[in-house]
Amino acid sequence: MEYCQIKGLDAKVARIALGTGWFGPENEEAIFELMDAYVANGGNVIDTGRFYNGGKAETVITKWLKERGNRDELLLVNKACHHYVDENNVQFPDKSRVGADYITEDLEYSLKNMGVKHFDMYVMHRDNEDVPVEELMDRFEQHRLEGKITTYGVSNWSVERIKAANDYCNEKGYLGISINSPSFTLADVKKPRWFRAVYVDADYVKKNNEMGITVMSWGAQGAGFFVPLWKDMNADAPEDIKGAFFTEGNFKKLGRVEEVAKIRGVEPINVALAYVLNDRFDVFASIGPRNKKELLSSLKAQDVHLTTEEIAYLELKTDAL
């Protein structure tokens, strides 16, 4: 496992985090096997949230943590301020929950629900530009000083809002934003799959790094687009996938991913993830494998160190390797 460092954390951070958005007690056996394999391979970042899978994810993770007794060996990422999601995982995006009091509500709930004393990284799911950054950063810093969180950050924010929050934190002497979690992927996204989700490019990541912020990408593998699960514009796929990823440009990128994968002797998905993890940026990725086999496949991306020429070729900036 490769590792990185995050401002405010002493522990090294696995560059591949284990996402848990689909976790639930009904899949406990497979999830326990997956989590055991992740840790056995050097993984130490578990990425979850109060509303993941209608609130079920925290439940199964908590049981695994208690049975393994390894909480202190891991870094837990949890989140606040997601719009309301009911127990059936139905989302209500019109019910915004961005604000200082929601940060506290979600934090206190998840700490109690998971039976832990703190979260190593605590992140906002969404933004609402009507809420002043000062209000949000004040509350994050309060909870950090209380020892309930070690570092904090945002997700799906614009660069402009991040800079405003970062400037305020510097002025106040706060720890400030340590991580930002948008979706950074090789694919261009024409329509977000989720309400107010932010998909970013290399320039966005670079600007975050320049502010001392590490990017934790979600959706780094393109929701299966680079597996590849679909071969052309006429393929049968869910409407949200078609709306997000089905463009001629993305299928051209897919062809190049497959070409580079063949040259390097790896799977296409490894090349797509290697693009995100390339050490030109301070980035780690949260992935959501459904079983041990998918996890072990994804981990191979760390052995693929793409050249500058390969990066440009995959981004369609050059015509040949």
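The values are calculated or read from the model by the stated rules, or taken from the named source; none is laboratory data. The structure displayed is predicted, hence computed values, not measured ones. All Cβ positions, glycine included, derive from the backbone under ideal geometry; neighbour counts span all protein chains shown. What goes into the accessible areas is simple: the full protein's heavy atoms, side chains included, and nothing from ligands, DNA or RNA. Shrake-Rupley method; radii C 1.70, N 1.55, O 1.52, S 1.80 Å.
Tabulated values for the structure
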quantity: Residue of PHE184, PHE284, PHE225 that the Gaussian network model of the chain assigns the largest fluctuation, springs spanning Cα pairs under 10 Å; calculated: PHE225
quantity: Convex hull volume per residue in cubic angstrom - Cα atoms of the stretch 122-199; calculated: 96 Å³
quantity: Of ALA40, ALA57, ALA261, the one that fluctuates the most in a GNM where the chain has Cα springs shorter than 10 Å; calculated: ALA40
quantity: For the stretch 68-160, Kirkwood radius (reciprocal of mean inverse C-alpha pair distance, Å); calculated: 13.9 Å
quantity: For the chain, built as a Gaussian network whose Cα springs stay under 10 Å, the top-fluctuating residue of ILE61, ILE241, ILE287; calculated: ILE241
quantity: Coordinate range along principal axes, alpha carbons of the stretch 181-321, Å, largest first; calculated: 42, 38, 36
quantity: Top positive-direction residue, dipole computed over the chain with Cβ charges, set ASN209, ALA164, ALA285; calculated: ALA285
quantity: Fraction of beta bridges assigned by DSSP in the chain that are antiparallel (%, nearest 5); calculated: 15 percent
quantity: Contact order normalised by residue count of the stretch 57-175, Cα under 8 Å, 6+ apart, percent; calculated: 25 percent
quantity: Among THR307, ILE103, TYR174 - extreme Cα towards positive end, dipole of the chain, charges at beta-carbon; calculated: THR307
quantity: Separation of the ASP86 and GLU135 label points, Cα + 7 Å toward Cβ, nm; calculated: 2.8 nm
quantity: Rg over Rh, two decimals, the chain (C-alpha only, Kirkwood Rh); calculated: 0.95
quantity: Value of relative contact order over the chain, rounded to a whole percent, pairs C-alpha under 8 Å and six or more apart; calculated: 17 percent
quantity: Calculated [θ] (222 nm, deg cm²/dmol) that DSSP helices of n ≥ 4 give over the chain, each run adding -39,500 (n - 2.57); calculated: -12000 deg cm²/dmol
quantity: The chain - percent of accessible surface contributed by carbon and sulfur, probe 1.4 Å; calculated: 48 percent
quantity: Relative contact order computed over the stretch 179-321 (Cα-Cα under 8 Å; 6+ residues apart), in percent; calculated: 27 percent
quantity: Ratio of Rg to Rh over the stretch 1-159 (Cα coordinates, Kirkwood Rh, two decimals); calculated: 0.95
quantity: Those trypsin sites (Lys or Arg not before Pro) in the stretch 103-151 that DSSP places in a loop and that have at most 13 other beta carbons within 10 Å; calculated: LYS117
quantity: Efficiency of FRET between ARG71 and GLU210 - r from beta-carbon atoms, R0 25 angstrom, step 0.05; calculated: 0.15
quantity: Principal axis box of the stretch 32-89, alpha-carbon based, largest edge first, Å; calculated: 34, 18, 17
quantity: Convex hull of Cα atoms in the stretch 123-254, direction-averaged projection (nm²); calculated: 8.7 nm²
quantity: Dipole magnitude of the chain about its Cα centre (Cβ charges: Lys, Arg +1; Asp, Glu -1), debye to nearest 20; calculated: 340 debye
